[in-house]
1. Answer yes or no as to whether residue 112 is closer than 14 Å to residue 65 by Cα, in a loop (DSSP other than H, G, I, E, B) and in contact with a strand residue (DSSP E or B) (Cβ under 8 Å, 6 or more places away or on another chain).
2. Filter the range 147-169 down to the residues that are modelled with pLDDT under 95, surrounded by fewer than 16 Cβ atoms within 10 Å (Cβ to Cβ) and in contact with a strand residue (DSSP E or B) (Cβ under 7 Å, 6 or more places away or on another chain) and list them by number.
3. Residues that are within 15 Å of residue 54 (Cα to Cα) and either surrounded by fewer than 19 Cβ atoms within 10 Å (Cβ to Cβ) or at pLDDT below 95 (or both): does the range 107-125 have at least one?
4. Would you say residue 101 is within 16 Å of residue 63 (Cα to Cα), surrounded by 15 or more Cβ atoms within 10 Å (Cβ to Cβ), within 15 Å of the chain's Cα centre (by Cα) and modelled with pLDDT of 95 or more?
5. Inspect the range 19-37 for any residue being at pLDDT 90 or above, exposed (fewer than 15 other Cβ atoms within 10 Å of the Cβ) and farther than 21 Å from residue 130 by Cα and give the result as yes or no.
6. Restricting the range 131-153 to residues that are without any contact (Cβ under 8 Å) to a residue 24 or more places away in the chain and outside any loop (DSSP other than H, G, I, E, B), which is farthest from residue 116 (Cα to Cα)?
């Protein structure tokens, strides 16, 4: 298959993979423009998802994290749980400082947070450790998201990553 024919096929496979993530990468399914913006902006980030997960521990247990495009800008969002409360922690992707902490109180975000917390309650490995392990699979790999889920009753992290110019996913065991 030629490179020109392979790219559209890869794009279709990528869109399918992105829509299967519980929270996704902050992109609308099939939104090639947002996907391209995310890929472009990721090259400017100085803070890794793993670093952001560790930093966000000050605000509770990290239960998911992702780079996303919000209002045309790169954002590093971590969901945390503390006691029975959930938060979205925005970590500055340039400095690693916590920029904003907002409670998650309703809607789909709360549903996702509760489900992610339930999986992390079964996990024996932190998301930061799972991301570190995934990062070890490729030196040019940029981890874009980490979302816990149950697979065959076992906790795993669905890890989205960028390697070169391609977005893909893999799973890492959390037990």
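The values are calculated or read from the model by the stated rules, or taken from the named source; none is laboratory data. Since this is a predicted model, take the numbers as computed values, not measurements. Note that each Cβ is placed from the backbone with ideal geometry, even for glycine, and that neighbours are counted across all protein chains shown.
1. Working: closer than 14 Å to residue 65 by Cα: yes; in a loop (DSSP other than H, G, I, E, B): no; in contact with a strand residue (DSSP E or B) (Cβ under 8 Å, 6 or more places away or on another chain): yes.
Here the answer is no, as residue 112 does not meet what is asked.
2. 163, the sole residue that qualifies.
3. Yes, the range 107-125 has at least one match.
4. Values: within 16 Å of residue 63 (Cα to Cα): yes; surrounded by 15 or more Cβ atoms within 10 Å (Cβ to Cβ): yes; within 15 Å of the chain's Cα centre (by Cα): no; modelled with pLDDT of 95 or more: yes.
Judged against the criteria, residue 101 is not a match.
5. Checked against the condition, which is being at pLDDT 90 or above, exposed (fewer than 15 other Cβ atoms within 10 Å of the Cβ) and farther than 21 Å from residue 130 by Cα, the range 19-37 yields no hits at all.
6. Filtering the range 131-153 down to residues without any contact (Cβ under 8 Å) to a residue 24 or more places away in the chain leaves 136, 139, 141, 151-153.
If we keep only those that are outside any loop (DSSP other than H, G, I, E, B) as well, we get 141, 151.
Details: 141: 24, 151: 13 Å.
Top of the filtered list is 141.
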